[in-house]
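Below is one structure, written out as structure tokens, with a few remarks after it.
The values are calculated or read from the model by the stated rules, or taken from the named source; none is laboratory data. Not measured: the values here are computed from a predicted model. Virtual Cβ from ideal backbone geometry, glycine too; neighbours counted across all protein chains shown. For accessibility, only protein heavy atoms count, side chains too; no ligands or nucleic acids. Shrake-Rupley method; radii C 1.70, N 1.55, O 1.52, S 1.80 Å.
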Amino acid sequence: MSFGGLHTDHRAIVAAASIVFLVLTLVMAVLPGLREQALSAPAAVTARGAEAERGRQIFMREGCGFCHTQFVRDLPMDRPYGRPSRPGDYALEDPPMLGTQRTGPDLADVGSRQPSETWHLIHLYNPRAVVPQSVMPAYRWYFVEKDQAGAGDVVVPVPADLAPRGRVIVASRDAKALVSYLLSLKQPKVSP
């Protein structure tokens with residue numbers, strides 16, 4: 001068979017079209033689908049502790065998800081927040097808290113990006129103490145002003161110009177739980 005007469009050989013045309021269709025289906029649909037399925041399998045997700053779970057309830061009660069997402073999109077502008085989110089990231093989330101908009105930064109991997117408990121406590125007490133351009137409200141009702149810290153108190157080292165004069169700021173049980181939840185937000189490692 002010569003290529004000169006290919007346009008008149010209907011069986012050859014159907015065979016060539018079928019082969020092209022199968023190759024394109026494999027390359028454009030099946031192989032990417034298999035790769036995505038492998039990446040979407042639940043990774044080494046660990047259950048969060050009771051303190052962090054209590055913090056999650058506070059996070060939901062305060063409506064933090066209205067300003068902070070927990071879903072990293074596969075876009076260049078989202079790269080600072082972590083790798084793109086996968087379905088397996090939410091294996092233990094009930095309900096998954098993806099968020100509705102992003103007024104503040106995405107929190108899907110905030111426990112890895114910002115692992116300091118002290119930073120989060122200061123940020124909750126006065127967000128502008130650590131992020132001057134922040135529009136987040138202060139959550140001061142989660143802290144207690146004391147003349148002197150007691151045994152077992154977690155003192156928040158608020159900058160002197162933002163702290164009440166002669167007083168110490170102590171984190172409440174709810175503030176510590178909320179920070180425990182934020183620190184638990186770490187994306188599981190997945191193989192590329």
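Ligands, DNA and RNA left out, the accessible area of the range 115-162 computed with a 1.4 Å probe is 56% carbon and sulfur.
In this view, the solvent-accessible surface of V131, computed with a 1.4 Å probe and all protein chains in place, comes to about 40 Å². When you count the other C-beta atoms within 10 angstrom of each residue and take the mean per peptide, 182-188, 91-97 line up highest first as 182-188, 91-97. A probe of 1.4 angstrom, applied to the heavy atoms of all protein chains, finds T100 with accessible area near 110 square angstrom. Rounded if a/c is under 1.5, else prolate if a/b beats b/c, else oblate: with a ≥ b ≥ c from the C-alpha gyration tensor eigenvalues square-rooted, which is the range 113-155? Oblate, since a/c reaches 1.5 and b/c is not below a/b. Candidate cross-link partners of K176 among the aspartates and glutamates, defined by an alpha-carbon separation under 19 Å and a same-chain spacing of 8 or more, comprise E51, E53, E62, D109, E117, E145, D153.
Mean residue ellipticity at 222 nm, helices only, the chain: -10000 deg cm²/dmol; runs of at least 4 DSSP H residues each add -39,500 (n - 2.57), and the sum is divided by the number of residues. Think of a 1.4 Å ball rolled over the protein heavy atoms: the chain then has 62 Å² of accessible area per residue.
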